[in-house]
Structures are given as C-alpha cells and as structure tokens.
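The values are calculated or read from the model by the stated rules, or taken from the named source; none is laboratory data. None of these values were measured; they are calculated from a predicted model. As a convention, Cβ positions derive from the backbone with ideal geometry for all residues, glycine included, and neighbour counts pool all protein chains shown. For accessibility, only protein heavy atoms count, side chains too; no ligands or nucleic acids. Shrake-Rupley method; radii C 1.70, N 1.55, O 1.52, S 1.80 Å.
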Amino acid sequence: MKKEFVVIGLGRFGGSICRALSEQGMEVMAIDVDEDRVNEFAAIASHAVVADTTDESVLKSLGIRNFDHVIVAIGDDIQSSILTTLMLKEIGVNRITAKAQNDYHEKVLRKIGADQVVHPERDMGKRIAHNIVSNNVLDYLELSDEHSIVEIVANELLSGHTLIDLDIRAKYGINIVAIKRGKDILVSPQADESIRQGDILIVIGADSDISRFEKKVMNG
C-alpha cells in the first residue's frame, strides 16, 4: 500500500526529499509559499500547492491530517517552522519530521511534538568530515550522539583473518553486522568467515571504539 507524504518547504532539502519519495512511487503533496518553487514540483509531486502552513484553516482545508507523514522542511524561517509544526500537532497529524537550523530550534520542535528532528547540513558535514579524515571509511551514519554505523574497507592487515581470529567485539567493543563483497552482502557473518582485502565491513558501535578500530585498520 502506498504511503502518503506531505513535504512543506521546497528548498534544497525539502525538494530532494520530495523527488526521492516521488521516485519511489509514493503519493506526495508538495507545499511552499513560493509559487515558482511549487510550479517546479508540479510535474514531480502528486499535488503541488501554494499555501501558508502557519494558518490552521489552510492545513485543515488541504486534508493534511489524513496523510501518513508530514516533513517540515522550511528553511531559514524558524518561526514559520515552529508554528507549522505546532499547527500540525494540533490538528492531529500522525507523524511529523522537522528540519532544525540549530540546537535551540531542535529543542523547541521536540517540545511541541515533532516525532523526529533532523539537521541535514550538520549531519552531512559530519559524514563528509569523517570520510575525508579516514581513507578507509566509505560512509558514516550517526545513530546517536555517541554511536554510529560505519562502512570500512578491509585492507591487507585484515585480509585472510577470520572474525574469530580478530576477536573484534572483545578487543574493540564493536560489531561487524554485515560484509559487502562485490555484489553479495553477508548479513550477520559467521565467526569463521575469512575477511578478504577490499571487503566492506559494516560496523556498529560507540564512536570512540570505532575510532580505535579505524586506527588499527589504517596503522596496524
């Protein structure tokens, strides 16, 4: 069954979400106060509407309460972002994800009922920085302030060793949850699985422990 989404704010972040959801075949209502932006998404989204979402009567008239998930992607106007989130909560929207500009904005959004708050610029900055610093790290996804999932390329130091040889969980406190090998993905690999150079190890754990393991992979 198709899920139905509303994306409010069609800047870079909101626009990319709108495109991605539409490409996946989801029903998407795209909303912005800027008519040019709305026109740009008229052929992409299921519905594209020029509207002021800080007006409760507008939200009700658009039937937004009936959608599965609303993404508040309003850019620089923090007041509009907060008011829109508050109105959505008051009319009974099931799930709200909101974009925050800073930590204070996030606190307010959480307090008024946003189910999920994202910092796309900050999070992308962290991912890029992490990837630049370590040649072995392909991708990085923050799970919380202290835990992440990281993709690490196995080098010659790890090649030929089994997971039980390396004893990574005991030595580093991290878990290899999967190994990508070419087109294959080994989920929950067995302890006797031998690592090959070029394997991509999908590692989960505390940032400090992952960092220690990365240094081992890089420096031996």
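Kindly state, to the nearest 0.05, the FRET efficiency for Lys60 paired with Arg110, given R0 = 22 Å and r defined as their beta-carbon distance. It would help to have the intermediate numbers written out before the result.
Values: r = 24 Å, r/R0 = 1.11.
It comes out at approximately 0.35.
Taking Lys and Arg as +1 and Asp and Glu as -1, the other residues whose beta-carbon sits under 13 Å from that of Ile164 total -2. Magnitude of the charge dipole for region 61-106, about its Cα centre and with charges confined to Cβ atoms of Lys, Arg (+1) and Asp, Glu (-1), is about 220 debye. With contacts taken as Cα pairs under 8 Å and at least 6 residues apart, the chain reaches a relative contact order of 13 percent. Neighbours of Ile91 by Cβ distance under 12 Å: Lys/Arg scored +1, Asp/Glu scored -1, total 0. Compared with the direct C-alpha span, the chain from Lys216 to His147 gains 23.0 nm at full extension, assuming 0.36 nm per residue. For Lys2, the lysines whose Cα comes closer than 26 Å to its Cα, not counting residues fewer than 8 places off in the same chain, are Lys60, Lys89, Lys99. Here the simple spin-label model places points 7 Å from the Cα toward Cβ, and for Glu156 and Asp36 these points are separated by 5.6 nm. Expressed as a whole percentage, what fraction of the accessible surface of the chain belongs to carbon and sulfur atoms when a 1.4 Å probe is rolled over the protein heavy atoms? The nonpolar share, carbon plus sulfur, comes to 49 percent. Simple rule: put +1 on each Lys or Arg Cβ and -1 on each Asp or Glu Cβ in the chain, find the dipole, and look at Val58, Ala48, Thr97; the Cα lying farthest toward the positive end is Thr97. Per residue, the accessible area of the chain comes to 55 Å² when a 1.4 Å probe rolls over the protein heavy atoms.
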